[in-house]
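S.K.: The structure under discussion is supplied below as C-alpha cells; questions concerning it will follow.
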Amino acid sequence: MPQSPGPPNLARTLQRSTLALLVFWLVVAGALWAGFKWHEERERARLQPYVEANGSLVIPRSPDGHFYVAGEVDHVPVRFLVDTGATNVAISEQTARTAQLSGGEPVILSTAGGERRGRQLRNVPVKVGPLARNDATVTVGLISPAPESALLGQSFLRNFDVRIAGNRMTLSTR
C-alpha cells in the first residue's frame, strides 16, 4: 500500500511564499521604474523645440513657465532663456572667454539684484535653431549658476515675429 505524504514542511512553504512575494515586488518595482522612465522621456520630448515646415521655430513652455532653447553665441553652445523684456542677448563672462569675445563698451547693468558693471559688444553672431543673426548686441556680465546659460533678448528677437499661444512660443522670419 502506498504511503500518504506527511504533513507539509512549514519551513519550505515559508521559503516559497517569501520567494514568490519577493519576485512579485521586484516585478512591480521594475514595471513602475519602466513606466516612470517612459513618462520622463515622453515629457522631455514634448518640451523639445522643433522647426515647422515653414521654417518657424516652436519653443514649448517649460514646467517653470519659461521658454528655453539651445543656441549659439559666436559659435559657442548656450542654453537660452527667452526673455522678451531683455534689451540684449546676455551671456556670462565665461561664455565670452570661450567665444573669445574681448573688448566692448563698458556698461552698467541694471538687474533685479541691483547694478553692476558689464560690457557690451555689437555685431555678434547669434543662432537659435534655423534662425540666425550676425548683428546682435550682446551684453557680457550675466551671472547664473550654469555658465552656459544665456538670455535671448530683443537685440535678436526684434528681427523675428514672436507669438505666444498657450504653451508655445513661435519665432518666425518676417
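S.K.: Can you pull out the chymotrypsin sites (Phe, Trp or Tyr not before Pro) in segment 41-126 whose DSSP state is coil and whose Cβ has at most 15 other Cβ atoms within 10 Å?
M.R.: Passing sites in segment 41-126 do not exist.
S.K.: Can you report the principal axis dimensions of segment 53-140 using only the alpha carbons, biggest first, rounded to whole angstrom?
M.R.: 41, 27, 19
S.K.: What fraction of the DSSP beta bridges in the chain is antiparallel, stated in percent and rounded to the nearest 5?
M.R.: 85 percent
S.K.: In what order, largest first, do Glu115, Glu105, Glu72 sit by accessible area if the probe radius is 1.4 Å?
M.R.: Order by accessible area, largest first: Glu115, Glu105, Glu72.
S.K.: Based solely on C-alpha atoms, express the radius of gyration and the Dmax of segment 117-174 in angstrom.
M.R.: Over segment 117-174's Cα set, Rg and Dmax evaluate to 12.8, 37 Å.
S.K.: Identify which of Leu21, Leu47, Leu57 has the largest mean-square fluctuation in a Gaussian network model of the chain, with springs joining Cα atoms closer than 10 Å.
M.R.: Comparing Leu21, Leu47, Leu57 in the GNM, the peak value goes to Leu21.
S.K.: With everything on Cα atoms, drop me the angle between helix 10-46 and the longest principal axis of the chain, reported from 0 to 90° to the nearest 10.
M.R.: Result, in degrees: 20.
S.K.: Right, here's the next one. Residue separation times 0.36 nm, minus the C-alpha to C-alpha distance between Tyr50 and Trp38: what's the value?
M.R.: Once the chain is fully extended between Tyr50 and Trp38, it gains 2.3 nm.
S.K.: With a 1.4 Å probe and all protein chains left in place, how much accessible area per residue does the chain have, in Å²?
M.R.: 66 Å²
S.K.: Of the accessible area of segment 68-174, with the probe set at 1.4 angstrom, what percent is carbon plus sulfur?
M.R.: Taking all protein chains in place, segment 68-174 shows 48 percent carbon and sulfur surface.
S.K.: Compute the distribution of all C-alpha to C-alpha distances in the chain, in bins of 10 Å from 0, and list the percent of pairs in each, rounded to whole numbers.
M.R.: 9, 29, 22, 12, 7, 6, 6, 5, 3, 1, 0
The values are calculated or read from the model by the stated rules, or taken from the named source; none is laboratory data. As the structure is a prediction and not an experimental result, all values here were calculated from the model. Neighbour counts run over all protein chains shown; Cβ positions are idealised from the backbone, glycine included. We work out accessible area using only protein heavy atoms, side chains counted, and drop any ligands, DNA or RNA first. Shrake-Rupley method; radii C 1.70, N 1.55, O 1.52, S 1.80 Å.
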